[in-house]
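The values are calculated or read from the model by the stated rules, or taken from the named source; none is laboratory data. Every value quoted in this text rests on a predicted model; they were computed, and no experiment measured them. Neighbour counts run over all protein chains shown; Cβ positions are idealised from the backbone, glycine included. To get the accessible areas, we keep the full protein, side chains included, count just its heavy atoms, and leave off ligands, DNA and RNA. Shrake-Rupley method; radii C 1.70, N 1.55, O 1.52, S 1.80 Å.
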Amino acid sequence: MKKRDITAIGFTTFALFLGAGNLIFPPMMAQQAGENWLIAMVGFLISAVGLPALTIIILGRLSSVSKLTQSLPTWLDRTFWLAVFITLGPAFVLPRAVTVAYEMGLKPFVGEGYLLPFSVTFCAISLFLALKPGKLVDIIGKFMTPALIAMLGVLVITAIFNPQGSTTQALANYQQAPLVNGLLEGYMTLDAIAAVAFGWVIIQAIKEKGVTTQVGIRRYSYFIAGIYMILMSICYLAMGYLGASSSAIAPGASNGGAILTLYSAAILGPIGQLLLAVITLTACLTTIIGLTNANAEYFEKTYQLPFTKGATIAITLTALVANFGLEQLISFSLPLILVLCPIAIALVLAASLSLTENPNLKYLVLIALALGCIDTAAVLGIMTDSLNRMFLEWLPLYSCHLSWVGPCSLVLLWLSFTMKPTKSHQPALS
């Protein structure tokens with residue numbers, strides 16, 4: 001593969017992950033972390049960048065994303081992937097990207113009442129670009145991502161020479177354990193599960209460049225993961241700097257979007273607001289294209305649904321949900337994503353230990369599922385007081401919403417010493 005193709009796929013990978021949520025999480029965290037924002041950012045980068053990068057590398061080693069779940073019972077395999085693509089697709093993440101693009105990209109200039117025409121137009125553009133899977137790397141990696149990086153660069157460089165405040169005293173939790181809280185914030189971006197979905201797109205992009213051997217796919221996945229890590233780390237650090245230096249214009253901001261909006265307006269005026277709008281629209285567009293492509297890729301390979309039909313269905317549902325059912329679906333889909341994230345990470349860790357063919361892998365998934373449900377109930381604040389006290393006493397890391405880590409680590413250790421892995425069923429993707 002040529003160096004420019006490797007770079008283009010790496011840029012595409014960066015753009016797929018860089019949704020509006022990734023832009024607004026770091027400024028808020030950095031402002032709250034105050035003088036400890038760099039320490040908190042180290043933790044954030046470990047979980048928000050390190051976990052997705054590890055996933056890309058592991059999926060490259062497998063050379064086929066479906067091998068991640070190949071030893072699971074068919075019903076569990078299909079249920080996991082369906083849940084992943086439905087929630088990361090039209091049930092939650094895709095319509096959220098459309099509404100965020102509208103709220104930050106168009107609404108500040110035109111006011112209320114334009115969500116329907118915007119969502120139809122935005123989704124139509126996304127579908128048009130997603131229906132060119134063979135040119136996905138060219139469209140995103142060679143054109144949209146460089147433009148996105150250039151716009152972010154203008155905003156950040158201007159901010160460096162014209163900061164809008166200095167770091168303030170950290171909030172209590174960032175005074176006591178900034179690194180740990182940064183780790184938790186990075187984990188809650190849920191990019192670890194997004195990496196599992198984007199793996200379908202990334203590996204296919206490598207194969208479309210003529211790389212078909214497992215050794216070749218593995219080798220190039222290292223380069224792509226490296227490019228992604230560098231670009232995303234720089235982006236997160238830049239967004240964190242904006243939050244840490246925003247005390248004069250956005251003290252006590254309610255979210256990162258407000259910080260970016262006020263900062264852009266303060267340093268660049270109306271041009272800054274327009275620049276932020278274009279950045280947001282571009283970031284959301286690349287994420288929608290990537291997830292639509294991943295959905296269509298999965299349903300084509302697994303259920304033989306034509307790519308065009310799968311992409312059209314996903315985008316059509318996205319446009320409908322963005323207008324009529326997002327709030328209700330968030331209440332259903334967000335808990336599901338929070339539950340799926342521990343399962344995805346556990347499967348990636350199992351793959352890193354070459355345990356994907358172990359017939360006992362199902363026990364790891366079921367334990368991650370059970371404890372993920374417990375952590376999700378705690379995150380959503382629906383755990384009863386009596387159960388909360390019991391879990392705080394008996395479940396390590398429960399207070400950090402990571403109670404699945406200890407038991408899953410023990411199961412992984414057990415799997416490493418059990419019978420020799422055997423193939424259970426053929427993966428759907430060759």
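Things to note:
- For the peptides 91-102, 360-371, residues were scored by their other Cβ atoms within 10 Å and the scores averaged per peptide; the highest-first order is 91-102, 360-371.
- Segment 117-146 and segment 360-377 have Cα centres separated by 36 Å.
- Net dipole in debye of the chain [+1 Lys, Arg Cβ; -1 Asp, Glu Cβ; about Cα centre; nearest 20]: 1400 debye
- The protection proxy used here, the mean number of other Cβ atoms lying within 10 Å of each residue, ranks peptides 168-177, 309-318 as follows, highest first: 309-318, 168-177.
- Binning all Cα-Cα separations of segment 211-266 at 10 Å, short to long from zero, yields these whole-percent fractions: 21, 31, 18, 15, 12, 2.
- Relative contact order (%) - segment 281-413, alpha-carbon pairs under 8 angstrom, separation at least six: 18 percent
- Qualifying lysines (Cα of each under 30 Å from Cα of K3; at least 8 residues distant if same chain): K67, K132, K135, K142, K207, K209, K301
- A simple count of charges around K135, restricted to other residues whose Cβ falls under 14 Å of its Cβ and scoring Lys, Arg +1 and Asp, Glu -1, yields 0.
- Convex hull per residue volume in Å³, alpha carbons only, for segment 13-68: 84 Å³
- Of the solvent-accessible surface of the chain, computed with a 1.4 Å probe and all protein chains present, 68% belongs to carbon and sulfur.
- Stretching the chain fully between T121 and K309 yields a gain of 65.8 nm (0.36 nm per residue, less the alpha carbon separation).
- Divided by 2.2 N^0.38 Å, where N counts the residues, the Cα radius of gyration of segment 73-130 comes to 1.48.
- A straight chain from A150 to M1 at 0.36 nm per residue would run longer than the Cα-Cα distance by 51.1 nm.
- Based on C-alpha pairs under 8 angstrom that are at least 6 apart in sequence, segment 46-171 has a relative contact order of 9 percent.
- In this structure the chain gives 41 Å² per residue of accessible area when probed at 1.4 Å with all protein chains present.
- Here the relative contact order of the chain, from alpha carbon pairs under 8 Å that lie six or more residues apart, stands at 33 percent.
- FRET efficiency estimate (nearest 0.05) - Cβ-Cβ, K135 to Q176, R0 45 angstrom: 0.35
- Over segment 216-352, the hull volume per residue, using the convex hull of the C-alpha atoms, is 189 Å³.
- Whole-Å semi-axes of segment 180-235's equivalent ellipsoid (Cα gyration tensor): 26, 13, 9
- Projected label distance in nm at I382 and E103, using a 7 Å step from Cα toward the beta-carbon: 2.1 nm
- Each listed q (0.06, 0.07, 0.08 Å⁻¹) maps to a log10 I(q)/I(0) for the chain, found by the Debye formula over equal Cα scatterers with no solvent: -0.24, -0.33, -0.43.
- Start at zero, step by 5 Å, and the Cα-Cα distances of segment 1-157 spread as 2, 7, 10, 15, 20, 18, 14, 9, 4, 1, 0 percent across the bins.
- Note on segment 367-413: Rg/Rh from C-alpha atoms, Kirkwood Rh, equals 0.97.
- Legend: calculated FRET efficiency, L82 to M188, from the Cβ-Cβ distance at R0 = 35 Å, rounded to 0.05, equals 0.90.
- Eigen-decomposition of the gyration tensor built on the alpha-carbon atoms of segment 144-274 gives equivalent ellipsoid semi-axes of 34, 20, 12 angstrom, largest listed first.
- Gain upon complete extension [T212, C373; 0.36 nm per residue less C-alpha separation]: 54.1 nm
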